[in-house]
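Some notes on the structure that comes next.
The values are calculated or read from the model by the stated rules, or taken from the named source; none is laboratory data. As the structure is a computational prediction, the values presented were derived from the model and not from experiment. Cβ placement follows ideal geometry from the backbone for every residue including glycine, while neighbour counts extend to all protein chains displayed. Areas reflect the complete protein model, heavy atoms only, side chains present, ligands, DNA and RNA absent. Shrake-Rupley method; radii C 1.70, N 1.55, O 1.52, S 1.80 Å.
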Amino acid sequence: MFKINKDNYDNYKFIFTVIWEFQVNLMNIDLNPEYSPISILNQWEKESEAKARRGLREGLIDVLTGIKDLPNELLIELNLKLTSYKLPTIEILTSQIKNLPAKILSRGIIKNVTEYYIIKEVLDDLDYSITDMERQKLAIILFEFEKKQIS
């Protein structure tokens, strides 16, 4: 999973900004800049660097899981934008997320809330490329994590 620290925070924030701005342009809406995730990150940076790093990691995971449904021509366009800044491609960025279900299946446990939300999203996506057996096992692992959080 993304290890965002003081040394690489600005780089990941720039990646997030490029992807976010690309999505906003696609939606063709005028958002109040005060409520943009970038503005919120800037506020969190003033409050707590750790809070900003956690928020950036969660936001980056959200945008990366959300863009999986983009048509190929838009993914190509986004990749060109990223690589024009010498940033990694979407495939490289999402590979960490795509490998997570297999990692969790092999260890049999969800370690944290970030993994929980990714697995929840995988299970909610009926087109996600996992077998029915893997889906059932992940559902059990997810349930066990939820039980542990309640107690």
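Kindly evaluate I67 against the criterion of being over 24 Å from E144 (Cβ atoms), β-branched (V, I, T), crowded, with 18+ Cβ neighbours inside 10 Å and at pLDDT below 90.
Considered against the rule, which asks whether it is over 24 Å from E144 (Cβ atoms), β-branched (V, I, T), crowded, with 18+ Cβ neighbours inside 10 Å and at pLDDT below 90, I67 comes out as yes.
Among (1) open to solvent by less than 80 Å² (accessible area, probe 1.4 Å); (2) more than 23 Å from Y128 (Cβ to Cβ); (3) free of Cβ contacts under 8 Å to residues at least 24 places away in the same chain, there is one condition D10 misses while meeting the rest; what is its number?
(1)
Condition check: touching a residue at least 12 places away in the same chain (Cβ under 8 Å) and closer than 14 Å to K13 by Cα. Does L74 satisfy that? So that I can check it myself, show each step before the final result.
Numbers: touching a residue at least 12 places away in the same chain (Cβ under 8 Å): yes; closer than 14 Å to K13 by Cα: no.
In short, no.
Sort out which residues of the range 45-73 are more than 21 Å from M27 (Cβ to Cβ) and polar (S, T, N, Q), and write them in order of number.
Result: S48, single match.
One line per residue, one yes/no per condition, for (1) open to solvent by 60 Å² or more (accessible area, probe 1.4 Å); (2) among the charged types (D, E, K, R):
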residue	(1), (2)
V18	no, no
F22	no, no
N25	yes, no
N28	yes, no
P37	no, no
L41	no, no
E45	yes, yes
S48	no, no
R54	yes, yes
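In the range 121-141, what residues are in a loop (DSSP other than H, G, I, E, B) and either free of Cβ contacts under 8 Å to residues at least 12 places away in the same chain or closer than 22 Å to E58 by Cα (or both)?
Residues satisfying the conditions are D125, L126, D127, Y128, S129, T131.
For the range 104-129, give me the residue count where each residue is open to solvent by less than 60 Å² (accessible area, probe 1.4 Å) and under 19 Å from the mean Cα position of the chain (by Cα).
11
In this structure, is S151 surrounded by fewer than 10 Cβ atoms within 10 Å (Cβ to Cβ), over 18 Å from the mean Cα position of the chain (by Cα), without any contact (Cβ under 8 Å) to a residue 60 or more places away in the chain and farther than 17 Å from V63 by Cβ?
Here the answer is yes, as S151 does meet what is asked.
Checking the condition under 19 Å from W20 (Cα atoms), touching a Leu at 6+ places or on another chain (Cβ under 9 Å) and modelled with pLDDT of 95 or more, which residue from L41, L105 passes?
Of L41, L105, the one residue that is under 19 Å from W20 (Cα atoms), touching a Leu at 6+ places or on another chain (Cβ under 9 Å) and modelled with pLDDT of 95 or more is L41.
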